[in-house]
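Chemist: Quick one: the structure is below, and I'll ask about it shortly.
The values are calculated or read from the model by the stated rules, or taken from the named source; none is laboratory data. Quantities reported herein were computed from a predicted structural model and do not represent experimental measurements. Please note: Cβ atoms are built from the backbone with ideal geometry, for glycine as well, and neighbour counts cover all protein chains shown. For accessibility, only protein heavy atoms count, side chains too; no ligands or nucleic acids. Shrake-Rupley method; radii C 1.70, N 1.55, O 1.52, S 1.80 Å.
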Amino acid sequence: MDLKAKNDRSYDTDGIKVPVSLGVIMDGNGRWARKRLLPRSAGHRAGAENLKELCRNCGRYGVSYLTVYAFSTENWSRPDNEVSQLMKLFVEFFEKYDPELEQEGIRVRFSGDIAGLPENIRRVCAEGEARSMNRTKMQLIVAFNYGGRREIVHSVQSIARDVKAGLLSPEDIDEKMISSHLYLPDVPDPELIIRPSGEMRMSNFLLWEGAYSEFWVSDTLWPDFGYDDLTEAFRDYAGRDRRFGGLSKKETEEGNCQ
Ligand code: IPE
Ligand code: IPE
Ligand code: MG
């Protein structure tokens, strides 16, 4: 079944739970291309096409915030030509698909060390955010030049500036304050993080925000990750017992605390 047909199914919400805030690590483009004896750039292109499908599916499922990992602070270590292809694709994506994102009511925001990106990319980010500001169905947050550790450093530095200016004392610093100085403090922590391609690691994605996220890994490579995979993730998520360090739902209901 081709990707489009796969993603055009009717939307069945029986037995699934749709998270308000979802994170997706879009991994596996290189392996997808290698399997087809294509250059890695073809995998990145197929991955970008699939992001459009994911947006559509998440929007229709009623996800409010979708955060996708598109380029990490560590991805600069790839060969120069791969990095420049990824930057080019980034620009192309928003030129090509903004009308569709608009049709779906999707607001676009960027998370990451945006100041550290080339000028043309910073412009795409600023224009994309400004253009989509009044769309209300779903927020697409593109983590680009993003690293969870760098985000925490950024938060701590801005708090330290307030301490230095005498506006705060070190004792005022708590978890809430660190959260409120992250890149997009109004975006809720993701309840669920999906990683296609089988790797069982965070790769520096949402380290602070994902402290208690449920994690779901799929062997499907990102460019092939479609409606059925998303539904399977939401079905699995429906059966999770989120304890946050406490007791299970069943134990709490039974009042069995001995
Ligand atoms: C994800 O796919 C895209 C980025 C990291 C930018 P990869 O390029 O990491 O694909 P694999 O992991 O090599 O298959
Ligand atoms: C994570 O994938 C980053 C993105 C998907 C943007 P990587 O392919 O860079 O992660 P590692 O190197 O396998 O941990
Ligand atoms: Mg990878």
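Chemist: Quick check on my filter: what residues within the range 62-85 are under 13 Å from Tyr146 (Cβ atoms), open to solvent by 10 Å² or more (accessible area, probe 1.4 Å), in contact with a Phe, Trp or Tyr (Cβ under 9 Å, 6 or more places away or on another chain) and hydrophobic (A, V, I, L, M, F, W, C)?
Modeler: Of everything in the range 62-85, just one residue is under 13 Å from Tyr146 (Cβ atoms), open to solvent by 10 Å² or more (accessible area, probe 1.4 Å), in contact with a Phe, Trp or Tyr (Cβ under 9 Å, 6 or more places away or on another chain) and hydrophobic (A, V, I, L, M, F, W, C), namely Ala70.
Chemist: Among the residues of the range 219-229, write down those that are in a loop (DSSP other than H, G, I, E, B) and open to solvent by 10 Å² or more (accessible area, probe 1.4 Å). I'd like the intermediate steps shown before the answer.
Modeler: Taking the range 219-229 as the starting set, the residues that turn out to be in a loop (DSSP other than H, G, I, E, B) are 219-221, 225-226.
Asp219, Thr220, Leu221 - these are the residues of the range 219-229 that are in a loop (DSSP other than H, G, I, E, B) and open to solvent by 10 Å² or more (accessible area, probe 1.4 Å).
Chemist: Can you tell me which residue in the range 36-77 is farthest from Asp229 (Cα to Cα), limited to those that are more than 10 Å from ligand 1 (Cβ to nearest atom), touching a helix residue (DSSP H, G or I) at 6+ places or on another chain (Cβ under 8 Å) and outside any helix (DSSP H, G or I)?
Modeler: That would be Thr73.
Chemist: Cβ-Cβ under 6 Å, sequence separation 6+ or interchain: first residue in the range 180-197 and without any contact (Cβ under 8 Å) to a residue 60 or more places away in the chain, partner open to solvent by less than 30 Å² (accessible area, probe 1.4 Å). Which pairs?
Modeler: Cβ pairs passing all conditions: His181/Ser155; His181/Ser158; His181/Ile159; Leu182/Glu151; Leu182/Ser155.
Chemist: Looking at the structure I just gave you, is Asn134 open to solvent by less than 40 Å² (accessible area, probe 1.4 Å), farther than 21 Å from Phe215 by Cβ and modelled with pLDDT of 95 or more?
Modeler: Against the criterion (open to solvent by less than 40 Å² (accessible area, probe 1.4 Å), farther than 21 Å from Phe215 by Cβ and modelled with pLDDT of 95 or more), Asn134 does not qualify.
Chemist: To continue, here is another question. Would you mind finding the one in Leu247, Leu206, Leu230 that is touching a Phe, Trp or Tyr at 6+ places or on another chain (Cβ under 9 Å) and more than 22 Å from Arg45 (Cβ to Cβ)?
Modeler: Working: Leu247 fails: touching a Phe, Trp or Tyr at 6+ places or on another chain (Cβ under 9 Å); Leu230 fails: more than 22 Å from Arg45 (Cβ to Cβ).
Result: Leu206 is the single residue among Leu247, Leu206, Leu230 that is touching a Phe, Trp or Tyr at 6+ places or on another chain (Cβ under 9 Å) and more than 22 Å from Arg45 (Cβ to Cβ).
Chemist: Give me a count of the residues in the range 171-194 that are touching a helix residue (DSSP H, G or I) at 6+ places or on another chain (Cβ under 9 Å) and either part of a loop (DSSP other than H, G, I, E, B) or within 16 Å of ligand 2 (Cβ to nearest atom) (or both). If you could, list the steps in order and put the result at the bottom.
Modeler: So the first thing to find is which residues in the range 171-194 are touching a helix residue (DSSP H, G or I) at 6+ places or on another chain (Cβ under 9 Å), and the list is 172-173, 177-183, 185, 189, 191-192, 194.
Cutting the leftovers down to either part of a loop (DSSP other than H, G, I, E, B) or within 16 Å of ligand 2 (Cβ to nearest atom) (or both) gives us 173, 181-183, 185, 189, 191, 194.
The qualifying residues number 8.
Chemist: Shifting gears a bit: Being open to solvent by less than 30 Å² (accessible area, probe 1.4 Å), under 17 Å from Phe71 (Cβ atoms) and among the charged types (D, E, K, R) is the filter here; which residues of the range 162-209 pass it?
Modeler: Arg195 - this is the single residue of the range 162-209 that is open to solvent by less than 30 Å² (accessible area, probe 1.4 Å), under 17 Å from Phe71 (Cβ atoms) and among the charged types (D, E, K, R).
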